[in-house]
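Okay, so here's the structure we're looking at.
Bear in mind these aren't lab numbers, they're just calculated from the coordinates by the rules spelled out. Source: prediction; values computed, not measured. Cβ placement follows ideal geometry from the backbone for every residue including glycine, while neighbour counts extend to all protein chains displayed.
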Amino acid sequence: MTTAFRNTVYRTSDGLEDYVFDFVALDDGWRIYIVRQPSYGGRDESLHVTHRLIDGDRYYVCWDSPLRRLNDAKAVAALWADATQSYRRRGRFEAGADRSHVYDRSSSAHVNPSAADREAAGPRPARGGNNVDDADPDAGRMPVPPPWYAHLIRR
């Protein structure tokens, strides 16, 4: 069974548009499928320029490292939507100033990400004779950004 959160609505930080995503757990992490977004309004829609990839007939957000946690995937979706919003309006793919913490304004904000990540990972063997997970030293950290992320942050 594949774990997925479908039709998750994200309102951009400027409050002007809604983007809709499907978060699907795959073997190597979460994939962020783009279900609905505003048009590019005549701007270049190539995959490279818009930081998208394609799987069959579905577009998904380009990110070059595995997104192992649902919160990481949601943060990347928010950054991508805000950067896309900037590209649509100003022709520059940038997420805006100080996006070191991305607030979850999506329709799935109530989902317990730890439980979702455990479900997506499947059953795990007990450690040390019990079923208690070890503390996660990376919890709450942003995922490692791809090279294109550096130009998203306005300084």
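Worth pointing out:
- Gain in span if fully extended, Asp28 to Tyr40, counting 0.36 nm per residue against the direct Cα distance: 1.3 nm
- Viscosity 1.306 mPa s, temperature 10 °C, Stokes-Einstein D of the range 1-95 from Kirkwood C-alpha radius, µm²/s: 118
- Amide H contacts of Arg52 (H built 1.01 Å from N, under 5 Å, at least 5 apart or other chain): Cys62
- Residue-span extension gain [Ser107 to Val49] - 0.36 nm each, minus C-alpha spacing: 18.1 nm
- Total formal charge among the other residues, if their Cβ is under 11 angstrom from that of Arg43, Lys/Arg +1 and Asp/Glu -1: +2
- The residues packed around Val111, meaning those with a beta-carbon under 14 Å from its beta-carbon, carry a net charge of 0 if Lys and Arg are +1 and Asp and Glu are -1.
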